[in-house]
Amino acid sequence: MTTRSDLLGSVTESSRGALLRSEEYEDLFDQAPVIFAALSGPQHLLEAANPAFFAVFGGERSATGVPVGELFPELRRQGVLDRLDAVYRTGTAYRARGGRLVVGSPGAEREGFFDFTYEPRRDGSGRIDGVIVIAVETTAHHHAQLLAAEQRVLLEQIARDAPLGETLTGMARAIEDLAPGLLVSVLLLDPDGERLRHGAGPSLPAFYNELIDGIPIGPRVGSCGTAAYLRAPVVVSDIAADPRWEDYRELAARAGLAACWSTPIMSGDDQLLGTFAMYHRTPKEPEDKDVALSAAFARITALAIERHHALEAGRAAQQREKAAREDLAFVLEASTAITREPHYFDCLQCMARLTVPALAPLCTVHVVEDGRTRLIAAAAPDPATEGLLAAAGIRDDIDRAVARVLTSGRTETGGGGAPAPAARPDVTGYACVPLTTRGRTFGVLTLLTTDGPLDEHVVALAEELARRAASSADNAHQFTDRVRLARDLQAGLLPPELPAIPGAELAASYHPAGEGLDVGGDFYDVFPLPDDRWALMVGDVCGRGAVAATTTGMVRHTARAAARLLNDPADVVTAINEALTEGTTEDTFVSLVYGELRHAGSRLSLDLMRAGHVPPLVRRADGTVEELAHPGLLLGIDRDVAGTPCHIELSPGDSLVLVTDGITEARSPEGTFFDEHRLADALTSLPGAAPTAASVVAAVTAAVTAFAGDSTPDDQATLVLTATS
């Protein structure tokens, strides 16, 4: 094969020798792939040229002998003749790479790029008598380089996640730069899969882009709608004559468009993404270059769209995840707040407050109590919105909807085919959600909105919140019932009121441990005896609950019965111990202080038995405190509890203070016991010479609370007897 360097060498060698005849040129270059022309004289007469020359510049081979400037006047405007003149005049060769020329006859011009060599030709005596032109067309290579550069820019945009519109517009402009005269459009498949939406069309008229936005996909919908329908390229070289453009022909004419070649944009898994179209303002068939551009950029467009879809899917997933986290946080925070409410109605009222405005601008809660449905809570962001509940008819509409949900046990939204709150013009949507627990619907949460219907997401949140609130409310209901039952039982184990003893004041307090769910073992009692005597006692049964309650009842009733028959406090305590050791099968023990009181002139005389209990304290009227710490064994452990009473006398202003170990063993936050010493200090610091029994109890309670706080791990009981006269 003859190479370009071989040909140029031959020409150069020949130019240094005798002048080659035209026939010799033809023999040498006729079949050569390079462009060759031999020009003679200062007018650059076309002496000889090969077919490749005429294929590029036009004309016929018979045109020899004519100045090249006359044959191809467009060359003069582009400076070609000036360079030929310079070579002929100076004898210096001219070489250029990638020179641009517009060639072709009027109406058929095209842009080309060439590597040129203009070599001076000499006769036998060495004088310049012409110019040899040899060129290689590099248009395809130039376009390939530009195409690669544009593709690289677009791929970089895709890689850095540039907005899809920016990428598509840049691509369209790049193609229009590579192929002047073309107008590029990209349409994207609508999510419904039935229409095409505007993606890019920077050089098309704005009205045209607007009017084709949303065109359907079908067999006769221009080039793009048809290409999307067929999933295949559609070439329309003359819009005015093509039946597929019948409905859009007038629009195309108005936009000055005469041809349209559309290619479907397909994903990697062969799914339609949109269409890629090239328009031309004159009827025209696509050239090979156009087909190559279309194929290359359709692939890049598919990549950009898929990347965009992936990013959008990622963002949507992040939004869903964020929404899910927010929903979960709302439900958890609301559930926690509701659970903190210890009482049934407080739980449901808390739920109503939390739904506004998070779920809806207006909320009501109805419950069934004693066979009747009643409104127990309503919430709104402002009085005006809450006032809707007072509007004529709306309360009745809500009541009817609530009744239906109580019957069905299912959520009702919208109208439900029956008169409903949403039928009113000022209420645009509603949802009635059942409050159900253990298979029983006991109430209804109703949400009302004034700015559109409630969506499924809000209803789902309301259902989850209602489910949790119903469980919490049911637990609170059971808790309330248990507390009430425990308090009722505890009250039955304590005297309903303290008796009036002549010459004395009595005061007492009882604080159950924790939340008061179980019956405690602390107790006190004061009751009359024959011969103007009185019995009093304070005790503590080990444990809590039913066993403690039973034991407490046994101790109190045994003491009341035995004290009326026996005149000695020691015998009464012995009787109680026998009842505990013989009457119970469990290891139950009791600490106790039992005493009997009689009047001795202006004083009160007491005989006290202590059985393993906190030592009694006596606060004298002068403020001094005495501890009665005589020994005594716990009851219920051994049948022998032998002991003798401790005798004391109380003068006016003196107080006997009896407490359970819940007082002395109350702990500070650091774990320190309150103990008997702090109790004595609290009694010593009482103001006044003769505090009342009630003020003594109050002082003890205040001191323990200040030391250990309101919560107590054990029951606390205090009984105070103060001599008055």
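What the table shows:
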quantity	calculated
Output for the range 599-620, where each listed residue is open to solvent by 10 Å² or more (accessible area, probe 1.4 Å), in a strand (DSSP E or B) and without any contact (Cβ under 8 Å) to a residue 40 or more places away in the chain	Arg610, Gly612
Residue count, the range 320-370 (criterion: within 16 Å of His457 (Cβ to Cβ) and among the hydrophobic types (A, V, I, L, M, F, W, C))	10
In the range 656-679, residue nearest to Gly543 (Cα to Cα) [restricted to those that are in a strand (DSSP E or B) and touching a Lys or Arg at 6+ places or on another chain (Cβ under 9 Å)]	Phe673
Every pair of residues 6+ apart whose Cβ atoms lie under 7 Å, when the first sits in the range 680-708 and is in a loop (DSSP other than H, G, I, E, B) while the second is of a type in the set (D, E, K, R) and buried (at least 16 other Cβ atoms within 10 Å of the Cβ)	Thr692/Glu505
Members of the range 443-488 found to be assigned to a loop (DSSP other than H, G, I, E, B) and modelled with pLDDT of 85 or more, listed by number	none
Residues that are open to solvent by 40 Å² or more (accessible area, probe 1.4 Å), assigned to a loop (DSSP other than H, G, I, E, B) and at pLDDT below 90, drawn from the range 508-530	Pro512, Gly514, Glu515, Leu517, Asp518
Restricting the range 281-337 to residues that are among the hydroxyl-bearing types (Ser, Thr, Tyr) and out of contact with any Leu (no Cβ under 8 Å at 6 or more places or on another chain), the residue that is modelled with the lowest pLDDT	Ser294
Hits in the range 199-250 - residues which are open to solvent by 50 Å² or more (accessible area, probe 1.4 Å), of a type in the set (A, V, I, L, M, F, W, C) and either farther than 19 Å from Leu168 by Cα or touching a residue at least 12 places away in the same chain (Cβ under 8 Å) (or both)	Phe207, Leu211, Leu230, Val235, Ala240, Ala241
The lone exception for Gly653 - which of (1) in a loop (DSSP other than H, G, I, E, B); (2) modelled with pLDDT of 90 or more; (3) among the small types (Gly, Ala, Ser); (4) in contact with a helix residue (DSSP H, G or I) (Cβ under 8 Å, 6 or more places away or on another chain) it fails	(4)
Enumeration of residues in the range 210-241 that are more than 21 Å from Pro286 (Cα to Cα) and charged (D, E, K, R)	Glu210, Asp213
So Leu332, is it surrounded by 14 or more Cβ atoms within 10 Å (Cβ to Cβ) and aliphatic (A, V, I, L, M)	no
Total residues in the range 186-198, condition open to solvent by 20 Å² or more (accessible area, probe 1.4 Å) and in contact with a strand residue (DSSP E or B) (Cβ under 7 Å, 6 or more places away or on another chain)	7
Near pairs, Cβ below 7 angstrom, 6+ apart or cross-chain, from the range 270-284 (farther than 19 Å from Asp242 by Cβ and among the aromatic types (Phe, Trp, Tyr)) to any residue that is open to solvent by 10 Å² or more (accessible area, probe 1.4 Å) and at pLDDT below 90	none
Meets criteria (assigned to a loop (DSSP other than H, G, I, E, B), at pLDDT 85 or above and crowded, with 17+ Cβ neighbours inside 10 Å) for Ala377	no
Flag if Thr701 is at pLDDT 90 or above, closer than 22 Å to Gly543 by Cα and surrounded by 16 or more Cβ atoms within 10 Å (Cβ to Cβ)	no
Residue that is nearest to the chain's Cα centre (by Cα), among those in the range 85-128 that are aromatic (Phe, Trp, Tyr) and closer than 18 Å to Val56 by Cβ	Phe113
Every residue from the range 533-560 that is open to solvent by 50 Å² or more (accessible area, probe 1.4 Å), among the charged types (D, E, K, R) and modelled with pLDDT under 90	Arg544
Pairs, first more than 20 Å from Gly112 (Cβ to Cβ) in the range 53-76, second part of a loop (DSSP other than H, G, I, E, B) and open to solvent by less than 50 Å² (accessible area, probe 1.4 Å), C-beta under 8 Å, six or more apart	Pro67/His44
Residue within the range 361-374 that is under 16 Å from Asp474 (Cβ atoms), surrounded by fewer than 15 Cβ atoms within 10 Å (Cβ to Cβ) and either out of contact with any Ser or Thr (no Cβ under 6 Å at 6 or more places or on another chain) or not small (Gly, Ala, Ser) (or both) present	yes
Number of the exception - Asp247 against (1) under 12 Å from Ser223 (Cα atoms); (2) in a strand (DSSP E or B)	(2)
Those residues of the range 442-455 which are without any contact (Cβ under 8 Å) to a residue 60 or more places away in the chain and either open to solvent by less than 50 Å² (accessible area, probe 1.4 Å) or in contact with a Gly (Cβ under 6 Å, 6 or more places away or on another chain) (or both), in sequence order	Gly452, Pro453
Single residue of His647, His630 found to be open to solvent by less than 60 Å² (accessible area, probe 1.4 Å) and either part of a strand (DSSP E or B) or not aliphatic (A, V, I, L, M) (or both)	His630
Checking Ser294 against (1) farther than 28 Å from Ala140 by Cα; (2) part of a helix (DSSP H, G or I); (3) not charged (D, E, K, R), the condition it does not meet	(1)
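Each row is one residue, and each column tells you yes or no for (1) under 15 Å from Ala255 (Cβ atoms); (2) in a loop (DSSP other than H, G, I, E, B); (3) not β-branched (Val, Ile, Thr).
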| site | (1), (2), (3) |
| --- | --- |
| Glu176 | no, no, yes |
| Pro180 | no, yes, yes |
| Leu183 | yes, no, yes |
| Asp192 | no, yes, yes |
| Arg197 | no, no, yes |
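The values are calculated or read from the model by the stated rules, or taken from the named source; none is laboratory data. Since we're looking at a predicted model, the values are computed, not measured. Quick reminder, even Gly has a Cβ in these numbers, built from the backbone with ideal geometry, and neighbours come from all protein chains shown. What goes into the accessible areas is simple: the full protein's heavy atoms, side chains included, and nothing from ligands, DNA or RNA. Shrake-Rupley method; radii C 1.70, N 1.55, O 1.52, S 1.80 Å.
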